[in-house]
Every structure is written in structure tokens, then in C-alpha cells.
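Read the structure below first, then the notes.
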Amino acid sequence: MKVTVERAHLLKSLNHVHRVVERRNTIPILSNVLLRGEGGELKLKATDLDLEVSEAIPALVAETGATTVPAHMLYDIVRKLPDGAQVELATRNDGATLDLKSGRSKFSLQMLPEQDFPDLTAGTFTHRFALPAADLKRLVDRTQFAISTEETRYYLNGIFFHAVERGGDLQFRAVATDGHRLAQAEIVAPHGCEGMPGIIVPRKTVGEIQKLVEDPDAQVGIELSDTKIRFTFAGKGEGEAGAVVLTSKLIDGTFPEYGRVIPQANDKELKVDRDEFAAAVDRVSTISSERGRAVKLTVGDGRLVLSVVNPDSGSATEELGVEYESEPLDIGFNSRYLLDIASQLETGTAVFRLADPGSPTLIHDFGQTNALYVLMPMRV
């Protein structure tokens, strides 16, 4: 293989693919990125066996061929080359070394044979549809914070995507929960996702989706099977050089019937300015202990008092004016969880639907129903 590429193109593509590669690997080939030069392109691919990212960039291909080299090392080398540089990649006849030349810089990297590189893309996809990148990012952004990090409940370690009918229309919905809080967001379902299986996209894949959405106006192609999902983030156009393809295994498990924990009869409505509320929670929680993080909400007579008592360090209170016409109520929440939810709300007014101090609370934007959050209370 002998190819020449622009440093900017190579760096951007390596930035996309090298993140998948774990720093420590017991299988040497998984530390490498696959490079294939053919047809006026350099194709790059990296995988951790659960997740695979590939991309093709324009290249001057003098000799077609393929090899693999250490991903993080190659990324660091290219990152440190000067802007505007041309990068030549050429394999030696010994089959063990790749020479990288750029200006006066020369590097020799150890290779591993490309036939040892695993392929994750085998299999057929049963459902295909496309979403605006902004819609996909919105679904992910508004739910990913609630993904569980508890490995024993592995079926909660991702976002549950499925199609569901609401009000006579089909919605494409994302749900995540860790047992203490739940986040749900939805958009009008795109054509092609009718009858799709409910799927759980793993946390690491979710993180890559967030990073790969670079143009909110672009379309993202989505393909599904029972075990895998593939996202195509279009460059100039789907399939052309510049498109990034992310293929991921799905979590093999059953997501719980989350509808049961979404309260339907919470009759106490509290409306509060989102920014004022978040700032007040942030201030009073300075006193709270790292372990507890509990903040008490005392609501009644058009005012909300936030209070924290920490036996080790002191206490704090703050009062806010709110809209609330039900009987007075005291309820406690994890302050970190309150701030996470407040940061996802889009309008200036947060709506809390409360029942009693021991029941889950429903939180959403004023006047919006396409995203909602459920928060379990704490004892205070």
C-alpha cells in the first residue's frame, strides 16, 4: 500500500475512529486501526468488538493495499504534524512496517496483518430509516444522563429506542433510567421504523453518537437488526467519501416496562423559573454531603423554600416565588439529579407534578409533552 493524504482529512478521520479503541487491550489487533487504500480513497476502521467506526477520505493511491497500525500512536503523530502537511503512508516489503513521511518527519510503525482484523458488519438489517441529525442528537442528549452505570443491571446500561403510538400518531421514543430517575424524549416517527423491534443502544455507542453529530442539518441513516444497529453520518452525501459509519452491537436484554413508573395522577402542580431554580439548587447544595446530596423542597402559598442541613458542615436555605395552588408539601430530592434534569429543560419554566413525599415526581417543560422526566424522592 502507498497512499498520500492531506493531514487535515486524516486527522479528522482518525479523531472519529481512534476513540473506539481501548487504551489497554489483551488482543493486540484491537489496538490497531485498519487502513485500506483503493479507488482514490483511504478507508479507516477501528473496533472494540462491540462497536466499529469506519470512514473513507480522499487519497492519492499509488499502490492499493491494506494494513493495520497502532491507532492512538498514529493519531498522536498526525496530530503533531504541521497544518497543511501532506502525509505519505507506505508499507514495506517485509510486511511488518509502515513508513509515514510528512515533510522532514519520518516515522516507522509496526504493522499487524489486515486479515486478522475483526469485522463487525456481518449480518442483515431488517429496518432502515433516516433522521435529521439534530433530532437524533436531541433524543440522545435529553436522555443519556439517566443511563445506569450499574453493571449488574446491564439492560439499563443504554438508551431504549422504540416506536410507540401516542394520540393516533407514531412516535420514535428514547428512554433511559437508572432506577432513581427516568428520562423520556420522542419525535414524530420517521418513515421506515414501523414495526421495528425495541432496541437498547449501549452507553459507549451513545457517547460516540453525540460526538459524531457535527452537522445538525445532515441526515443520519439508521439500519437495524435484532442484534446490531448502524448509523451513517453523511459527509458530502451518504456513501461518498466523508461519511462516517458507526456499527454497534445492541444490549441483549429486556428493558423494563417503564410506563408503570411514570405517574399519571399527580395532581399538585408547581411552576418555577428553570434558571432561578437551578441556580438556587446549586447554591444550597454546596452545604450537602457528597454521599447524601439531599435538598428539601418546602412548597406552599406561592413560594418554594429549598433547604439543606448537613450535621458536619451547617445548613442553607433559599426562597423562590412560584406558581402553586395546592396544599403545602415537603419533599426531598438528590440535588445532582435535579440539576441534571433542569439542564435538559428547554423552556424558561419548569413544571413539577407532585403527589406526596414518598411518590415519584413528574417534571417537564411548560407547554411541551415531547420530553418528560421522573424523579424518585429522597428522605430528608
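Here, each number is a calculation from the coordinates, and none is a lab measurement. Bear in mind that the values here come from a model prediction, so they are computed numbers and not experimental data. Glycine gets a Cβ as well: all are built from the backbone with ideal geometry, and neighbour counts include every protein chain shown.
Using the Kirkwood radius over Cα pairs, work out the Stokes-Einstein diffusion coefficient for the range 62-123 at 10 °C and 1.306 mPa s, in µm²/s as a whole number. Each step should come with its number before you reach the end.
Values: Rh = 13.0 Å.
Estimated diffusion coefficient is 122 µm²/s.
Quick one: work out Rg over Rh on the C-alpha atoms of the range 107-193, Rh as Kirkwood radius. Mind dumping the intermediate values first?
Details: Rg = 18.2 Å, Rh = 15.8 Å.
Rg/Rh for the range 107-193 comes to 1.15.
Based on the alpha carbon coordinates of the range 1-92, what radius of gyration and maximum Cα-Cα distance (Dmax) apply, in Å?
According to the Cα coordinates of the range 1-92, Rg and Dmax are 12.4, 36 Å.
I want to check the label-to-label distance for ASP99 and GLU194. Put each point 7 Å from Cα in the C-beta direction and report it in nm to one decimal.
Label-label distance for ASP99 and GLU194, simple model: 6.0 nm.
List every residue whose amide H lies under 5 Å from the amide H of VAL322, counting only residues 5 or more places away in sequence or on a different chain, with H placed 1.01 Å from N in the peptide plane.
For VAL322, the qualifying residues are ARG303, LEU304.
Where nothing but the Cβ of Lys and Arg (+1) and of Asp and Glu (-1) is charged, how large is the charge dipole of the range 18-136 around its Cα centre, in debye to the nearest 20?
400 debye
List, in the order given, every pair from LYS12/LYS101; LYS12/LYS45; LYS80/LYS137 whose Cα-Cα distance in the structure shown is over 20 Å.
Working: LYS12/LYS101 18 Å; LYS12/LYS45 13 Å; LYS80/LYS137 31 Å.
Too far apart for the 20 Å limit: LYS80/LYS137.
Compute the projected area of the convex hull of the Cα atoms of the range 271-380, averaged over all viewing directions, and report it in nm² to one decimal place. Spell out each step's value before the answer.
Values: hull surface 25.1 nm².
Convex hull of Cα atoms, orientation-averaged projection: 6.3 nm².
Given a Förster radius of 35 Å and the C-beta distance between LYS80 and GLN210 as r, what FRET efficiency does 1/(1 + (r/R0)^6) yield to the nearest 0.05?
On the way: r = 26 Å, r/R0 = 0.75.
Step by step, r from the Cβ atoms, then E = 0.85.
Counting other Cβ atoms within 10 Å of each Cβ, which trypsin sites (Lys or Arg not before Pro) in the range 34-94 have at most 14 and sit in a DSSP loop?
Numbers: sites: ARG36, LYS43, LYS45, ARG79, LYS80, ARG92; in loops: ARG92.
Sites meeting the loop and neighbour criteria: ARG92.
Rg/Rh for the range 47-167: what does it come to with C-alpha atoms and Rh from Kirkwood?
Details: Rg = 20.8 Å, Rh = 19.1 Å.
Reported Rg/Rh, Kirkwood definition of Rh: 1.09.
How long is the range 188-287 along each principal axis, judged by its Cα atoms, biggest number first, in Å?
Rounded to whole Å, the extents work out to 51, 31, 27 Å.
Roughly what would the spin-label model give for ALA265 and SER359, points 7 Å off Cα along C-beta, in nm?
According to this spin-label approximation, the distance is 0.7 nm.
What distance in nm lies between label points placed 7 Å from Cα along the C-beta direction at SER108 and ARG379?
Placing both labels 7 Å along Cα→Cβ, they lie 6.9 nm apart.
Given the alpha-carbon gyration tensor of the chain, what are the semi-axes of its equivalent ellipsoid in whole angstrom, ordered largest first, with each equal to the square root of 5 times an eigenvalue?
48, 23, 18
Can you run phi through the Karplus equation (6.51, -1.76, 1.60; θ = phi - 60°) for the range 61-72 and list ³J(HN,Hα) in whole Hz, with x for Gly and Pro?
My calculation for the range 61-72 gives 9, 7, 9, 6, x, 8, 7, 10, 9, x, 5, 5 Hz in order.
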